[in-house]
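The values are calculated or read from the model by the stated rules, or taken from the named source; none is laboratory data. The shown structure was predicted, so the numbers you read here are calculated from the model rather than taken from an experiment. Cβ coordinates were reconstructed from backbone atoms using ideal geometry, including for glycine residues, and neighbour counts include every protein chain displayed. Remember, those area values only see protein heavy atoms, side chains included, never the ligands or the DNA or RNA. Shrake-Rupley method; radii C 1.70, N 1.55, O 1.52, S 1.80 Å.
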Amino acid sequence: QVQLVESGGGLVQAGGSLRLSCAASGLTVSTIAMGWFRQAPGKEREFVATIRSDGATYYRHSVKDRFTISRDNAKNTMYLQMNSLNLGDTALYYCAADPLFTSLLLSKGTYWGQGTQVTVSS
């Protein structure tokens, strides 16, 4: 049974940093595409970043150069380092996995975590 468990969210001031983690079980993070998504109140879920099985990464434009997606194969965990956070980054952040990274680019995925809340204050 696949499980994805996010952690690391919290309340942070604008300009601050957080690192989200997505611990996986039932799948191997190095052999599947994984990604981060977010959903703000009243808005649709949106793609944030994805990492392919070969390590290639993709970001939405608004987070590029501020966020970094990575994975630790030994810990079977994916991360999202978020720097220079702004009010627009406030959302519930989810991790997801899918055999096809193109599915993740379309905000679709076979496996999803429960989410971790990120709140950025002014």
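Across the range 1-18, the number of residues qualifying as buried (at least 17 other Cβ atoms within 10 Å of the Cβ) and not in a strand (DSSP E or B) comes to 1. So, in the range 89-113, of the ones that are touching a strand residue (DSSP E or B) at 6+ places or on another chain (Cβ under 7 Å) and among the polar types (S, T, N, Q), which residue ends up farthest from Gly15 (Cα to Cα)? Per the criteria, the residue is Thr110. In a residue-by-residue description of the range 61-84, the property of being β-branched (Val, Ile, Thr), in contact (Cβ under 8 Å) with a residue 12 or more places away in the chain, under 16 Å from Val120 (Cα atoms) and assigned to a loop (DSSP other than H, G, I, E, B) applies to at least one position.
Taking the options Ser53, Ser21, Ser30, name whichever one is under 13 Å from Gln117 (Cα atoms) and surrounded by 14 or more Cβ atoms within 10 Å (Cβ to Cβ).
None of the others qualify; the one that does is Ser21.
Check off (1) open to solvent by 70 Å² or more (accessible area, probe 1.4 Å); (2) under 12 Å from the mean Cα position of the chain (by Cα); (3) over 26 Å from Val2 (Cα atoms) for Pro41 and give me the number that stays unchecked. With respect to (1) open to solvent by 70 Å² or more (accessible area, probe 1.4 Å); (2) under 12 Å from the mean Cα position of the chain (by Cα); (3) over 26 Å from Val2 (Cα atoms), Pro41 is out only on (2).
Scanning the range 14-52 for residues that are of a type in the set (S, T, N, Q), over 18 Å from Asn83 (Cα atoms) and in contact (Cβ under 8 Å) with a residue 24 or more places away in the chain returns Ser25, Thr28, Ser30, Gln39. Scanning the range 68-106 for residues being under 18 Å from Ala56 (Cβ atoms) and of a type outside the set (Val, Ile, Thr) gives a total of 19.
Considering only residues that are open to solvent by less than 60 Å² (accessible area, probe 1.4 Å) and at positive phi, which ones fall in the range 62-84? Residue satisfying the conditions is Asn76 alone.
So for the range 98-107 (the condition being without any contact (Cβ under 8 Å) to a residue 60 or more places away in the chain, on the phi > 0 side of the Ramachandran plot and either among the basic types (Lys, Arg) or open to solvent by 40 Å² or more (accessible area, probe 1.4 Å) (or both)), does at least one residue qualify? So far as the range 98-107 goes, no, none of its residues is without any contact (Cβ under 8 Å) to a residue 60 or more places away in the chain, on the phi > 0 side of the Ramachandran plot and either among the basic types (Lys, Arg) or open to solvent by 40 Å² or more (accessible area, probe 1.4 Å) (or both).
When Tyr93 is tested against (1) part of a loop (DSSP other than H, G, I, E, B); (2) under 13 Å from the mean Cα position of the chain (by Cα), exactly one condition is not met: (1).
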